[in-house]
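Read through the structure below, which is laid out as structure tokens, and then see the notes.
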Amino acid sequence: MLTLEQTTGPSVPRGEDGPGGLAVATTPPRARIVRQAESEEYAAKANRIVIHHNLGYVVAVLEILSPGNKDSRTALRAFVEKAAGFLRQGIHLLIIDLFPPTSRDPQGIHKAIWDEIHEEPFELPADKSLTLVAYKATPVKTAYIEPVAVGDPLPDMPIFLTADIYVLIPLETTYMTTWSLCPQPMRELVDSAPR
């Protein structure tokens, strides 16, 4: 029997705070200014459902944006490149963006993604700045866009499984069912939040 210890870098002597270093919780680094960027953490919390073919390959992705996806140029760029990459690979998309456009995506997430595929003029209606969009990832890409506003019921949206077959996703029904099952104290917190 042979036992090996794997190291990830040069050997550092063990100190009182632990192997090879100081614990941030007990001995935080000193600096005049400290900044934290939570955008990547929020972007990582984005909700995604991936639909696979029975042979294992990805057919479609449903993505619900989080604030972190639009929090910085880098985060938005990474999301847009990922979405455009899915479309180029023939993976259909349904994107739900219920956050208002930012200075980085002034006409919403669809325009930012579509510019990677085919640049053309596009403007969201002034009174409906939130975006639901289904993309059919065929050689001729097609976008089915539903602008909505806060308070609007969410429309059923298609998610394509093939070029000719889609399933309607009942977004409003799903939301209302989830909301009805949400614990009352949590519902009160959401209802009392500033808008």
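Computed quantities for the displayed model
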| quantity | calculated |
| --- | --- |
| Near pairs, Cβ below 8 angstrom, 6+ apart or cross-chain, from segment 170-192 (touching a residue at least 24 places away in the same chain (Cβ under 8 Å)) to any residue that is surrounded by 10 or more Cβ atoms within 10 Å (Cβ to Cβ) and outside any helix (DSSP H, G or I) | LEU171/ILE96; LEU171/LEU132; LEU171/LEU154; LEU171/PRO155; LEU171/ASP156; LEU171/MET157 |
| Meets criteria (assigned to a helix (DSSP H, G or I) and either free of Cβ contacts under 8 Å to residues at least 60 places away in the same chain or among the polar types (S, T, N, Q) (or both)) for VAL133 | no |
| Residue within segment 126-148 that is out of contact with any Pro (no Cβ under 7 Å at 6 or more places or on another chain), aromatic (Phe, Trp, Tyr), over 15 Å from ALA60 (Cα atoms) and surrounded by 20 or more Cβ atoms within 10 Å (Cβ to Cβ) present | no |
| Segment 136-166, residues that are without any contact (Cβ under 8 Å) to a residue 12 or more places away in the chain and more than 23 Å from VAL50 (Cα to Cα) | GLY151 |
| Count - residues of segment 149-195 that are among the aromatic types (Phe, Trp, Tyr) and surrounded by fewer than 12 Cβ atoms within 10 Å (Cβ to Cβ) | 1 |
| Matching residues, segment 172-192, being farther than 24 Å from LEU132 by Cβ and not in a helix (DSSP H, G or I) | PRO183 |
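Residue-wise test of (1) of a type outside the set (Val, Ile, Thr); (2) touching a Cys at 6+ places or on another chain (Cβ under 7 Å); (3) more than 28 Å from ALA75 (Cα to Cα).
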| position | (1), (2), (3) |
| --- | --- |
| ILE96 | no, no, no |
| ASP105 | yes, no, no |
| HIS110 | yes, no, no |
| TRP114 | yes, no, no |
| PRO121 | yes, no, no |
| GLY151 | yes, no, no |
| TYR166 | yes, no, yes |
| PRO185 | yes, no, yes |
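Quick note: the coordinates plus some simple rules give every number you see, no bench work behind them. Keep in mind it's a predicted model, so treat the numbers as computed, not measured. Neighbour counts run over all protein chains shown; Cβ positions are idealised from the backbone, glycine included.
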